[in-house]
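S.K.: Dumping the structure here so I can ask a few things about it.
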Amino acid sequence: MENNPYLLYIYTSFQERATFISHGNTARLANHHGEKSLAQICGTIASDEKRHETAYTKIVQKLFEIDPEGTVSAFADRMRKKIIMPGVFMYDGNDDNLFENYAAVAQRLSVYTVKDYVDILEYFVERWNVEKLTGLSGEGRRAQDYVCGLGQRLRKMEERAQEKAVEAASTIPFSWIFGREAKI
């Protein structure tokens with residue numbers, strides 16, 4: 001299934017929506033703190049990401065129309081593997097856990113959260129009418145059940161993650177802000 005182009009379109013739909021949300025949230029935070037130029041830049045990027053999301057979402061919608069079995073199977077496969085953002089490869093030459101630390105700050109500041117991840121999943125389940133698919137094989141129905149039930153399972157994990165984040169709050173320096181520490 002790894003060479004399946006459906007996986008690419010599903011991943012990209014999700015990733016573009018995630019970056020639309022995170023850049024939009026960063027723009028709002030920047031604006032709130034008086035950083036008008038940064039807010040404008042992030043807002044422009046967010047609107048660009050939204051256009052990309054729209055295109056990829058329409059492609060996947062069409063795939064669901066012409067091949068619901070293959071598309072729901074690819075959707076389930078992609079979600080089992082998780083949507084990993086490209087930032088996971090960030091490295092500044094110092095911090096081997098840079099992305100994890102950055103993600104913790106993003107979670108704490110509500111730039112991009114576990115809740116956003118689950119909201120995106122549920123958005124696409126609804127947008128692509130995954131719950132309403134009919135005529136699927138046993139394997140297709142299992143994929144459909146997995147994707148449609150995943151949001152609820154992830155919401156429970158989100159609650160536990162929030163509790164742990166409050167308990168484990170600490171600070172860490174980030175090289176791109178000249179070593180200033182941020183609370184994670």
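The values are calculated or read from the model by the stated rules, or taken from the named source; none is laboratory data. Note that this is a predicted model, so its numbers are computed, not measured. For neighbour counting, all protein chains shown are included, and Cβ atoms are generated from backbone atoms with ideal geometry for every residue, glycine included. Remember, those area values only see protein heavy atoms, side chains included, never the ligands or the DNA or RNA. Shrake-Rupley method; radii C 1.70, N 1.55, O 1.52, S 1.80 Å.
S.K.: Residue under question is residue 127, and the condition is that it be of a type in the set (Lys, Arg), in contact with a Ser or Thr (Cβ under 8 Å, 6 or more places away or on another chain) and under 21 Å from residue 22 (Cβ atoms); does it hold? If you could, list the steps in order and put the result at the bottom.
M.R.: Numbers: of a type in the set (Lys, Arg): yes; in contact with a Ser or Thr (Cβ under 8 Å, 6 or more places away or on another chain): yes; under 21 Å from residue 22 (Cβ atoms): yes.
Considered against the rule, which asks whether it is of a type in the set (Lys, Arg), in contact with a Ser or Thr (Cβ under 8 Å, 6 or more places away or on another chain) and under 21 Å from residue 22 (Cβ atoms), residue 127 comes out as yes.
S.K.: So residue 96 clears everything in (1) farther than 29 Å from residue 56 by Cα; (2) open to solvent by 50 Å² or more (accessible area, probe 1.4 Å); (3) touching a residue at least 24 places away in the same chain (Cβ under 8 Å); (4) not β-branched (Val, Ile, Thr) except one condition, right? Which one?
M.R.: Unmet condition: (3).
S.K.: Identify the residue in the range 1-21 that is charged (D, E, K, R) and closer than 18 Å to residue 50 by Cβ and, among all such residues, is most open to solvent (accessible area, probe 1.4 Å). Please lay out each step first, then the result.
M.R.: First, the residues of the range 1-21 that are charged (D, E, K, R): 2, 16-17.
From what is left, the residues that are closer than 18 Å to residue 50 by Cβ are 16-17.
Numbers: 16: 20, 17: 38 Å².
Selected residue: 17.
S.K.: Also: Consider residue 24 carefully, then state whether it is open to solvent by less than 60 Å² (accessible area, probe 1.4 Å), out of contact with any helix residue (DSSP H, G or I) (no Cβ under 6 Å at 6 or more places or on another chain), at pLDDT 95 or above and not hydroxyl-bearing (Ser, Thr, Tyr).
M.R.: On the way: open to solvent by less than 60 Å² (accessible area, probe 1.4 Å): yes; out of contact with any helix residue (DSSP H, G or I) (no Cβ under 6 Å at 6 or more places or on another chain): no; at pLDDT 95 or above: yes; not hydroxyl-bearing (Ser, Thr, Tyr): yes.
Here the answer is no, as residue 24 does not meet what is asked.
S.K.: Suppose the filter is touching a helix residue (DSSP H, G or I) at 6+ places or on another chain (Cβ under 8 Å), part of a helix (DSSP H, G or I) and within 22 Å of residue 158 (Cα to Cα); does residue 30 pass it?
M.R.: Numbers: touching a helix residue (DSSP H, G or I) at 6+ places or on another chain (Cβ under 8 Å): yes; part of a helix (DSSP H, G or I): yes; within 22 Å of residue 158 (Cα to Cα): no.
Criteria not met by residue 30.
S.K.: Looking only at the range 26-58, count how many residues are among the hydrophobic types (A, V, I, L, M, F, W, C) and under 18 Å from the mean Cα position of the chain (by Cα).
M.R.: The total comes to 5.
S.K.: When you go through 44, 19 one by one, which is the residue that is assigned to a helix (DSSP H, G or I), without any contact (Cβ under 8 Å) to a residue 12 or more places away in the chain and polar (S, T, N, Q)? It would help to see each step written out before you state the result.
M.R.: Numbers: 19 fails: without any contact (Cβ under 8 Å) to a residue 12 or more places away in the chain.
Checking each option against the conditions leaves just 44.
S.K.: Could you grab me the full set of residues in the range 27-58 that are among the polar types (S, T, N, Q) and either touching a Gly at 6+ places or on another chain (Cβ under 9 Å) or open to solvent by 50 Å² or more (accessible area, probe 1.4 Å) (or both)? Break it down stepwise before answering.
M.R.: Looking only at the range 27-58, we keep the residues that are among the polar types (S, T, N, Q), and these are 31, 37, 40, 44, 47, 54, 57.
Result: 31, 37, 40, 44, 47, 54.
S.K.: From 135, 70, grab the single residue that is open to solvent by 40 Å² or more (accessible area, probe 1.4 Å) and more than 18 Å from the chain's Cα centre (by Cα). Walk me through it before giving the result.
M.R.: Values: 70 fails: open to solvent by 40 Å² or more (accessible area, probe 1.4 Å).
Every option except 135 fails the conditions.
S.K.: Out of all the residues in the range 125-156, which are farther than 12 Å from residue 76 by Cβ and in a helix (DSSP H, G or I)?
M.R.: Matches in the range 125-156: 126, 127, 131, 132, 138, 151, 152, 153, 154, 155, 156.
S.K.: Cβ-Cβ below 7 Å, separation at least six or inter-chain, first residue in the range 131-155 and under 13 Å from residue 67 (Cα atoms), second not aliphatic (A, V, I, L, M): which pairs?
M.R.: Partner pairs satisfying both residue conditions: 133/68; 133/144; 136/68; 136/69; 136/144; 137/69; 140/69; 140/73.
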